[in-house]
1. Mind listing the phi-derived Karplus ³J(HN,Hα) values for the range 105-112, rounded to whole Hz, using 6.51, -1.76 and 1.60 with θ = phi - 60°, and x for any glycine or proline?
2. Take the solvent-accessible surface of the protein heavy atoms, probe 1.4 Å, and return the percent of it on the range 109-252 that carbon and sulfur atoms account for.
3. Using modelled backbone amide H atoms (1.01 Å from N, in-plane), which distant-in-sequence or interchain residues come within less than 5 Å of Ile118's amide H?
4. Order 43-50, 122-129 from most to least packed using the mean count of other Cβ atoms within 10 Å.
5. Output the pairs from Lys66/Lys171; Lys144/Lys205; Lys110/Lys165; Lys116/Lys166; Lys128/Lys171 with a Cα-Cα distance over 18 Å in this structure; if there are none, say none.
6. Going by amide H atoms built from the backbone, whose H comes under 5 Å of the H on Leu201, apart from near neighbours?
7. Return the long-range amide H neighbours of Phe111 (sequence gap of 5 or more, or a different chain), with a cut-off of under 5 Å between placed amide H atoms.
8. Can you tell me the accessible area per residue over the range 34-188, all protein chains present, probe 1.4 angstrom, in square angstrom?
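The values are calculated or read from the model by the stated rules, or taken from the named source; none is laboratory data. Note that this is a predicted model, so its numbers are computed, not measured. Please note: Cβ atoms are built from the backbone with ideal geometry, for glycine as well, and neighbour counts cover all protein chains shown. With ligands, DNA and RNA removed, areas are computed over all heavy atoms of the protein, side chains included. Shrake-Rupley method; radii C 1.70, N 1.55, O 1.52, S 1.80 Å.
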Amino acid sequence: VVCVGGGGVSESVGWSKMVLLRKLTRLKRLLGMTRKPDNSWRQEYGLLQKPKELPFIKKGWPQFDKPYDPTNSQIPPSFRVYRPPEPPRPKISRNSDDYNEDNLHNLYGKFQFEAKGIFHNHGYIAEKEVFDTAFNLHLVGWLKVRSRFILGHVQGDTYALSYFKKYLEEKHLSREAGTVDWVRLWEFNTGLDLPLAYRHLFCDKDRRKYKNRKIHILATLEKLQIERLERDSTERRKADQAFLDATCVRNY
């Protein structure tokens, strides 16, 4: 009902606005009971504020610090691939009477390793020796052998892994293959379920084009030249300082 005479329309509109404002005030007060987090304690860097730390993105796929794996390039596929649900795991009996010499349980494991050294003939001989040793132990995974390092990831029976670990730590390489300076092993894990992540053992070959190889070789040579020049500059500065101290002469 709207009253026309005596300014009734304006009074009714003003009353409705007042009620609406009261409701908004009440709502704001109820929301204001929850305190906002105080960010004033954080350090203000000003113009020296560090940028956000973002991962390196390769073809739309963020590359995090993960161990090298030649079988997983972390490139998103063009189409989604259907992945069936995992089959139920078989129930393992813990009764020792159910096992005999024919059906003993095999314990599987894995580890990664890295070896630094000098390997002759671009590492081909060392690659063959390490590959034959791992293959004879029925290990699966991958190996990457170059002239300066050996990198690999092996999986298999724990007894075979222990033999291969001893082979690496004791540096059983022939003189024709090269010399190993030090060996590092990490990511030990046992109790893997079948099937394993790898089905066979393979070597990661250097399949770079000649153009990319040339760019990398030039970058390496430039780095070595810079190190040599810095070393010569340091030695020359020390020699000049020794000469000035010996003759008690200062060049101002």
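1. 7, 9, 9, 10, x, 7, 6, 10
2. The C+S portion of the solvent-accessible surface of the range 109-252 is 55 percent.
3. The answer is Thr179, Asp181.
4. Those peptides, ordered most packed to least, come out 122-129, 43-50.
5. Violating the 18 Å limit, Cα to Cα: Lys66/Lys171.
6. Gly141
7. Val154
8. On the way: 12860 Å² over 155 residues.
Result: 83 Å² per residue.
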